[in-house]
Amino acid sequence: MIPPSLSDLLAGTPLIDGHNDLPAALRKRAGYSVEGLDGHREELHTDIARLRQGQVGAQFWSVWVPSDIPEDAAVVATLEQVDAVHRLVSRYPHVFALASSADEVERTYASGRIASLMGIEGGQSIAGSLGALRMFARLGVRYLTLTHNDDTSWAASATGLRQTTGLDDAGRAIVTEMNRIGMIVDLSHTAESTQLDALAVASAPVIFSHSSVRSLADHPRNVSDEVLGLLAQNGGAVHITFVPEFVSQSCIDWGTDLAEKRMELGLDLPHADAPRPPRLDYPVAPRPGESGAQAQQRNDPLLAQAGNADAGASATARNALSRWRERHPQPRATVRDVADHLARAREIAGIDHLGIGGDFDGTDSLPIGLEDVSTYPALFAELASRKWTPVDLRKLAGQNVLRVMRDVEAAADEPMWPSRLG
C-alpha cells in the first residue's frame, strides 16, 4: 500500500511554520538582497523551490536582531528586517503574500501562495516603547518574543542573568498592551519565571514559537511539563523546534563537554557574567546608494574574523581542542528526536496545543532528515508511522495556530494590523 502524500494527509490545511530566520540570513549572506531565491541557494536552508517541496503554506518570518546591541540600534535593525520581508514578498508576488490575520492566511493559501507573517524575536526590538510596539503591529508583525538570549530591563531570559525575576510592572504592561492590540505573546527564549508571569497576566492565548520539551532534553530554552500544562489551560500552542541542542540530550551533553574543554584550554571567558567581547558577527545593512553585493563586501571581513574566534589562541590550545573533537565526534539529532518531543508535548498539553517552529536559517546544524525546508514531509511521515491520524496532523500543521490567531484577534480591544482583505 502506498502511503498517502502530505497534501492528502493535510487535505487543504496550510502547513504553518512558526519561526524561520531567512531575513537575518539574507542580511548576513547576501547584503539583504532578495534576488535569486527562485533558484537553489546552497548556503541557505530556505529557497522557493524547497518551500514548495516542503509544502509550506504559511511562514512566520523571524525579524530578529541581536539582544546585545543598543536598543535604539535594535529598533532600526528590526525595521530593516521588516523591510526585507516586505521586499521578499514584492519581488515574488506569485509565490508570497503578506498576511496579518487567520483569514488572510487561509485566503493566501487558497490562492496557491505562501502566506508571509512576521514575528519579532526579542523585546530589545521595541526599546521599552509601546509606541514602537504598536507601529510594528501596524507594519504587520504578529508576535513578539519577549526576550532573546539576554534579559531586557522588563523580562528575564532563559539564558540571561536574572532567571527568577520574571516580568516587572513594565513587562506586565507590555503583555497587556499586546493582548489589547492583538499581537501574540511569544514565550520562547524566556525564563520560566517570565513564562509564569506572562501566563498569569495574559487575557489571550500565548505561544512558544520555537522551543521543545525540557523533560526530554534539559536545555533552558525548552519548556517544562508544568508550563506545558498551563499553556493548555491558556489555550496557547508550543511550536516544537528542530534545533539539535533542543531535541537531543546527547547533543546537549556534548556541547557542555565542549564548553568545559574550551574553558580548560583558556579559549573562552571564565565567567558567565564577565564582560563580553565586542560583537563581530552582526553584519551591516546596505548604505543609501549601495547594493547588496557592496554591503556584502564590507561584511565579509567581519564575518571571517568572527568565524575565526580562536585565531589568537596558542597553537597548543587549538591543536588540543582539535584532538579532543576527533576523540569526541559531535552526535547528530534525527527526525525521530523531533517526533519524540511532539509526542511528549502532546501527552502533557494535548493535540490541540501543538505546532512546528523549525528555526531554519537560524541554526548551524539540523537533525538528520530535517536538513532544510523541503523536509517537513519526512516529519509528518514519521508521525503517521506512529499512528497519528490525519485529524491529528492537520491540527499540528496549521489548525491549532490558526485557532490561536483567531482567539488573539477576538480578544483584542483595538486590533492593530494592516488588513489586506478586499
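Taking residues in segment 185-200 that are in contact (Cβ under 8 Å) with a residue 60 or more places away in the chain and buried (at least 22 other Cβ atoms within 10 Å of the Cβ), and partners anywhere that are in a loop (DSSP other than H, G, I, E, B) and of a type in the set (A, V, I, L, M), the pairs with Cβ atoms closer than 6 Å and at least 6 places apart or on different chains are HIS189/ALA158.
Can you say whether ARG344 is touching a Leu at 6+ places or on another chain (Cβ under 9 Å), charged (D, E, K, R) and assigned to a helix (DSSP H, G or I), as far as the supplied structure shows? Yes. Per the conditions (1) within 23 Å of SER100 (Cα to Cα); (2) of a type outside the set (Val, Ile, Thr); (3) modelled with pLDDT under 95, the sole criterion not satisfied by MET183 is (3). The C-beta contact set for segment 290-302 (first residue at negative phi, second residue part of a helix (DSSP H, G or I) and surrounded by 12 or more Cβ atoms within 10 Å (Cβ to Cβ), distance under 8 angstrom, 6+ apart or interchain) comprises GLY292/ALA30; GLN296/ARG29; GLN296/ALA30; ASN299/LYS28. If you check ALA410, ALA333 for being buried (at least 16 other Cβ atoms within 10 Å of the Cβ), of a type in the set (Gly, Ala, Ser) and modelled with pLDDT of 95 or more, only one passes: ALA333. Inspect segment 223-233 for any residue being modelled with pLDDT of 95 or more and part of a strand (DSSP E or B) and give the result as yes or no. Yes, because at least one residue in segment 223-233 is modelled with pLDDT of 95 or more and part of a strand (DSSP E or B). Number of residues in segment 1-28 that are of a type in the set (Ser, Thr, Tyr) and outside any loop (DSSP other than H, G, I, E, B) equals 1. For the condition of a type outside the set (D, E, K, R) and under 15 Å from the mean Cα position of the chain (by Cα), ILE126 does not qualify.
Of all residues in segment 58-93, those satisfying the criterion of being over 18 Å from LEU133 (Cα atoms) and in contact with a Phe, Trp or Tyr (Cβ under 6 Å, 6 or more places away or on another chain) are ALA84, VAL89.
For segment 67-83, indicate whether the set of residues that are in contact (Cβ under 8 Å) with a residue 24 or more places away in the chain, crowded, with 17+ Cβ neighbours inside 10 Å, of a type outside the set (A, V, I, L, M) and within 28 Å of GLU382 (Cβ to Cβ) is non-empty. Within segment 67-83, none of the residues are in contact (Cβ under 8 Å) with a residue 24 or more places away in the chain, crowded, with 17+ Cβ neighbours inside 10 Å, of a type outside the set (A, V, I, L, M) and within 28 Å of GLU382 (Cβ to Cβ). Out of the residues in segment 147-184 that are assigned to a strand (DSSP E or B) and under 19 Å from the mean Cα position of the chain (by Cα), which is surrounded by the fewest Cβ atoms within 10 Å (Cβ to Cβ)? The extreme case among them is SER157.
For segment 101-114, the count of residues that are without any contact (Cβ under 8 Å) to a residue 12 or more places away in the chain, farther than 12 Å from MET178 by Cα and among the hydrophobic types (A, V, I, L, M, F, W, C) is nonzero. Within segment 210-225, no residue that is free of Cβ contacts under 8 Å to residues at least 60 places away in the same chain and farther than 22 Å from GLY122 by Cβ sits with its Cβ atom under 6 Å from a residue that is surrounded by 21 or more Cβ atoms within 10 Å (Cβ to Cβ) and aliphatic (A, V, I, L, M) at 6+ positions apart or across chains. Just one of the listed residues (ARG403, ARG394) is farther than 17 Å from SER209 by Cα, surrounded by fewer than 21 Cβ atoms within 10 Å (Cβ to Cβ) and of a type in the set (Lys, Arg), namely ARG394.
I'd like to know if segment 52-62 contains one or more residues that are modelled with pLDDT of 95 or more, surrounded by fewer than 21 Cβ atoms within 10 Å (Cβ to Cβ) and among the polar types (S, T, N, Q). Yes - at least one qualifying residue is present in segment 52-62.
Within segment 235-262, the residues that satisfy the criterion of being small (Gly, Ala, Ser) and touching a residue at least 12 places away in the same chain (Cβ under 8 Å) are GLY235, GLY236, ALA237, SER248, SER250.
The values are calculated or read from the model by the stated rules, or taken from the named source; none is laboratory data. Not measured: the values here are computed from a predicted model. We place every Cβ from the backbone using ideal geometry, glycine too, and count neighbours over all the protein chains shown.
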